[in-house]
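Please read the structure below before turning to the comments.
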Amino acid sequence: MTDWLEENAPTHAKVHRDAAGNLHIDTRTSSSHRTLFTAHVDTVHRDQGPNKIRKTDTHWHADGAPLGADDGAGCAMLMHLLHAGVDAYYLFTQGEECGGIGAKWVAGNQRELLSEFDRAIAFDRRGIDSVITHQGYGRCCSDAFAGALSDALNVDERLMYLPDNTGVYTDTAEFVDIIPECTNISVGYDAEHTQAESLNLNYYQHLSSALAILTGKQ
């Protein structure tokens, strides 16, 4: 998965892997671009081989094993933003499902890099309406930031994002002592890690549309 992401990065991007195997893709053209986008490349599976997917007009469904939308959907959304030309820093992490292995390495070894960002946004939340303000042990972003991001995404009237204080954990939790605003937003999957996992394709397309409007990359 990481090999594929690296091979398909935009040709103008600065690309490298760190000692933990995380993939860094930097498309910033100035110091004014202070957003970090994250998604994790690992999924919860017991068997190797291609994922089995049952497709309908509105959803992709798992077929005998987890779908892998957690966090394949997040990785795909980052690639969408990359190829739409959104200038930002993109981090594809290893081992989130094993306790944030890759993100912990970045937090422990690249504090100077993380200090370049005002916000870290993960695409790794179930459902269709959450902008996470709390992860596990406590607050990860302000209510003001979560509200502003929700309003910006809701520019697509088919979306109804709201601040949500019921987050559990994703990689951005590791960055809260360095980056002022860290969050995780819904990317459309449900029942992750199970044979009932699904991805809401209608919502996913609406989110793609909202991000295009928000970033001026329609």
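The values are calculated or read from the model by the stated rules, or taken from the named source; none is laboratory data. Worth saying up front: this structure is predicted, and the values here are computed from it rather than measured. Every residue, glycine among them, receives a Cβ derived from its backbone with ideal geometry; neighbour counts consider all protein chains shown. Note: accessible area is taken over every heavy atom of the protein model, side chains too, but ligands, DNA and RNA are not part of it. Shrake-Rupley method; radii C 1.70, N 1.55, O 1.52, S 1.80 Å.
Residue by residue, here is whether (1) open to solvent by 70 Å² or more (accessible area, probe 1.4 Å); (2) farther than 30 Å from residue 11 by Cβ holds:
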position	(1), (2)
101	yes, no
116	no, no
152	no, no
192	no, yes
- Message: When the residues of the stretch 63-85 are narrowed to those that are in a loop (DSSP other than H, G, I, E, B) and within 30 Å of residue 110 (Cβ to Cβ), which ends up least open to solvent (accessible area, probe 1.4 Å)?
- Response: 68
- Give the number of residues within the stretch 155-174 that are in a loop (DSSP other than H, G, I, E, B) and open to solvent by 70 Å² or more (accessible area, probe 1.4 Å). 8
- Provide a single number: the residues in the stretch 186-211 that are part of a strand (DSSP E or B) and closer than 17 Å to residue 151 by Cα. 1
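For (1) under 22 Å from residue 199 (Cα atoms); (2) touching a residue at least 60 places away in the same chain (Cβ under 8 Å); (3) basic (Lys, Arg), each residue gets a yes or a no:
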residue	(1), (2), (3)
122	yes, yes, no
125	yes, yes, yes
140	no, no, no
147	no, no, no
159	yes, no, no
165	no, no, no
175	no, yes, no
- Message: Step by step: first the residues of the stretch 6-62, then only those that are in contact with a Leu (Cβ under 7 Å, 6 or more places away or on another chain) and free of Cβ contacts under 8 Å to residues at least 24 places away in the same chain, then the one that is most open to solvent (accessible area, probe 1.4 Å). Which residue is that?
- Response: 17
- Task: State yes or no: is residue 42 assigned to a loop (DSSP other than H, G, I, E, B) and under 13 Å from the mean Cα position of the chain (by Cα)?
- Result: yes
